[in-house]
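A.B. asks: One structure follows; several queries about it will come next.
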Amino acid sequence: MKKTRFFIGLDDTDAPDMMCTTWLGTLLADLLGKAGMKVLSARLVRLNPTIPHKTRGNAAISLCILGDPEYAFILACDLVERYSALSCDNTNPGVVACIEKPPSAFYLKAVQGHCHIDEAISLLSRHAVHFRGYKLGRGLIGATAAISSVFPDHTWEYLAYRQADRLHLPREVDAESLRHSEELTTPHTWDTWDYDLKGPVCIPHTQDPVLYGIRGDSPFMVAKAASVVRSEPAGMERIWMTNQGTDAHLVPYDHGLMHEGISYLVRGIVKEIPVTGKGGHVSFPLERSGHLIPCMAFEPTKKFRDIVRSLRPGDEILAAGSYLKNTLNLEKIYVFSAEPFLYIQAPLCQACQKRMTSAGSGKGYKCRRCGVRKAEHEVIKEQRSISPGWYEVPPGARRNLSRPSVRGYVKH
């Protein structure tokens with residue numbers, strides 16, 4: 001039988017607390033291999049992280065296969081029907097099979113913007129050999145985007161999956177072995193351990209099939225890191241090529257209105273001293289091309305908020321984050337300059353060691369205690385606690401697509 005090179009895409013099979021599309025993709029790949037087909041590549045594709053209908057990490061998968069596309073599509077649909085979290089209202093799977101990739105523009109729109117099911121179906125009607133949507137069929141968007149994806153930059157993730165009979169038991173993964181695995185392979189792996197939280201961040205907290213994941217810059221390094229991890233026996237494992245850690249979701253901002261649910265890279269000037277509000281969130285306005293953009297570092301970003309608090313009016317920065325509810329939710333910033341900051345305050349009464357108060361408009365200052373007057377305010381030079389460079393949220397708060405500093409940055 002002549003074998004054909006083709007692509008299978010899957011998306012939206014999971015729920016917030018169960019299942020995993022990458023697990024289903026791994027099972028499909030293993031079964032196709034056992035049927036005599038060859039898996040040429042496996043992609044884990046993260047899409048726009050702000051999409052309201054996503055279940056967890058908004059991930060879709062695609063497999064490039066050498067074999068029989070008819071059989072593979074039937075098998076994929078069977079697995080979706082057997083294992084998808086179809087009882088979840090927000091789970092709407094999609095399965096796509098293509099001989100040739102659809103245009104990559106669809107992937108770019110899905111990772112940086114918003115796509116509609118009608119767009120996906122229109123594209124599939126011209127490029128797919130088979131496709132099927134379940135319930136609302138929203139997963140056809142991610143499945144199509146995964147197949148059409150082009151990675152100018154990419155990383156890798158080793159994913160270990162649990163044995164089926166252990167899904168309702170607590171995960172058994174030795175935390176210290178995860179810390180050791182990252183120390184052994186850094187800077188070639190990342191986001192395994194959070195030194196601020198003093199714990200691993202690569203283990204899910206739900207009852208989905210993932211045991212743990214190791215992210216890195218090559219298949220060899222993630223496999224090396226995984227080789228020292230001590231855990232319960234894995235049921236399956238696979239190394240995925242992925243767009244995680246690449247900033248693929250960021251759109252350079254120039255001017256005009258920002259759009260809800262888009263992630264931007266904005267260069268601008270800090271207009272006011274950042275303030276800490278309710279819940280520990282830190283905010284400040286950023287000016288770009290005459291527009292004031294509210295920026296926020298939320299409480300889960302922990303020590304990153306201290307960096308944001310140290311910004312001062314006049315600082316030029318590059319801010320990366322998602323625009324939601326009229327606010328740029330910060331993922332990281334680049335500080336171009338951090339010059340000494342000058343501010344004025346009431347003079348100190350040398351006799352009483354108390355700050356004077358205003359004596360009235362144009363009348364200088366007066367000590368309330370002893371009556372001493374002084375005409376001029378004091379100019380204070382604040383030495384800065386930050387220097388030019390990149391600052392990012394900790395691993396425990398990092399988005400899947402956000403590029404970590406260990407990979408290096410391009411200065412804008």
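A.B. asks: Looking at (1) in contact (Cβ under 8 Å) with a residue 24 or more places away in the chain; (2) closer than 25 Å to Tyr391 by Cβ; (3) in a strand (DSSP E or B), which one does Thr246 not meet, given that it meets all the others?
C.D. replies: Of (1) in contact (Cβ under 8 Å) with a residue 24 or more places away in the chain; (2) closer than 25 Å to Tyr391 by Cβ; (3) in a strand (DSSP E or B), only one is false for Thr246: (3).
A.B. asks: Can you tell me which of Gly261, Gly268 is within 20 Å of Gly389 (Cα to Cα) and surrounded by 14 or more Cβ atoms within 10 Å (Cβ to Cβ)?
C.D. replies: Gly268
A.B. asks: Find the residue count for region 1-23, including only residues that are outside any loop (DSSP other than H, G, I, E, B) and either of a type in the set (Ser, Thr, Tyr) or within 29 Å of the chain's Cα centre (by Cα) (or both).
C.D. replies: Qualifying residue count, region 1-23: 11.
A.B. asks: Also: Would you pick out the residues in region 271-289 that are of a type in the set (S, T, N, Q) and either crowded, with 18+ Cβ neighbours inside 10 Å or not assigned by TED's automatic domain parsing to the domain that holds Lys302 (or both)?
C.D. replies: If the condition is that a residue be of a type in the set (S, T, N, Q) and either crowded, with 18+ Cβ neighbours inside 10 Å or not assigned by TED's automatic domain parsing to the domain that holds Lys302 (or both), then Ser283 is the only one that fits.
A.B. asks: Then there's this: Go through region 65-99 and report how many residues are of a type in the set (D, E, K, R), surrounded by fewer than 15 Cβ atoms within 10 Å (Cβ to Cβ) and at pLDDT 95 or above.
C.D. replies: Counting residues in region 65-99 that are of a type in the set (D, E, K, R), surrounded by fewer than 15 Cβ atoms within 10 Å (Cβ to Cβ) and at pLDDT 95 or above gives 4.
A.B. asks: Could you tell me whether any residue of region 175-188 is in contact with a strand residue (DSSP E or B) (Cβ under 9 Å, 6 or more places away or on another chain) and under 24 Å from Leu24 (Cα atoms)?
C.D. replies: no
A.B. asks: For region 224-235, enumerate the residues that are surrounded by fewer than 18 Cβ atoms within 10 Å (Cβ to Cβ) and touching a strand residue (DSSP E or B) at 6+ places or on another chain (Cβ under 6 Å).
C.D. replies: Hits for region 224-235 are Ser231, Ala234.
A.B. asks: Has region 43-66 got at least one residue that is touching a Pro at 6+ places or on another chain (Cβ under 8 Å) and part of a strand (DSSP E or B)?
C.D. replies: no
A.B. asks: Sort out which residues of region 286-311 are of a type outside the set (Lys, Arg) and under 17 Å from Ala338 (Cα atoms), and write them in order of number.
C.D. replies: Leu286, Glu287, Phe304, Asp306, Ile307, Val308, Ser310, Leu311
A.B. asks: Let me ask something else about it. Could you please give the count of residues in region 33-48 that are surrounded by 20 or more Cβ atoms within 10 Å (Cβ to Cβ) and more than 14 Å from Gly9 (Cα to Cα)?
C.D. replies: Residues in region 33-48 being surrounded by 20 or more Cβ atoms within 10 Å (Cβ to Cβ) and more than 14 Å from Gly9 (Cα to Cα): 2 in total.
A.B. asks: Taking strands (runs of 3 or more DSSP E) that do not extend beyond region 290-352, which have at least 1 residues that are buried (at least 21 other Cβ atoms within 10 Å of the Cβ)?
C.D. replies: Fully inside region 290-352 and qualifying: 291-297, 316-324, 327-335.
A.B. asks: Could you look through region 354-412, keep only residues that are of a type in the set (A, V, I, L, M) and modelled with pLDDT under 75, and pick out the one that is surrounded by the fewest Cβ atoms within 10 Å (Cβ to Cβ)?
C.D. replies: Here the answer is Val410.
A.B. asks: Considering only residues that are under 28 Å from the mean Cα position of the chain (by Cα) and hydrophobic (A, V, I, L, M, F, W, C), which ones fall in region 77-98?
C.D. replies: Val80, Ala85, Leu86, Cys88, Val95, Val96, Ala97
A.B. asks: Next question, about the same structure. Could you grab the pairs with beta carbons closer than 9 Å, sequence gap of 6+ or different chains, first residue in region 144-161 and closer than 9 Å to Val45 by Cβ, second one buried (at least 24 other Cβ atoms within 10 Å of the Cβ) and charged (D, E, K, R)?
C.D. replies: Pairs that qualify, where the first residue is closer than 9 Å to Val45 by Cβ and the partner is buried (at least 24 other Cβ atoms within 10 Å of the Cβ) and charged (D, E, K, R), are Ala145/Asp11; Ala146/Asp11.
The values are calculated or read from the model by the stated rules, or taken from the named source; none is laboratory data. Nothing here was measured: the structure is a model prediction, and the numbers come from that model. Every residue, glycine as well, gets a Cβ built from its backbone with ideal geometry; the counts of neighbours run over all protein chains shown.
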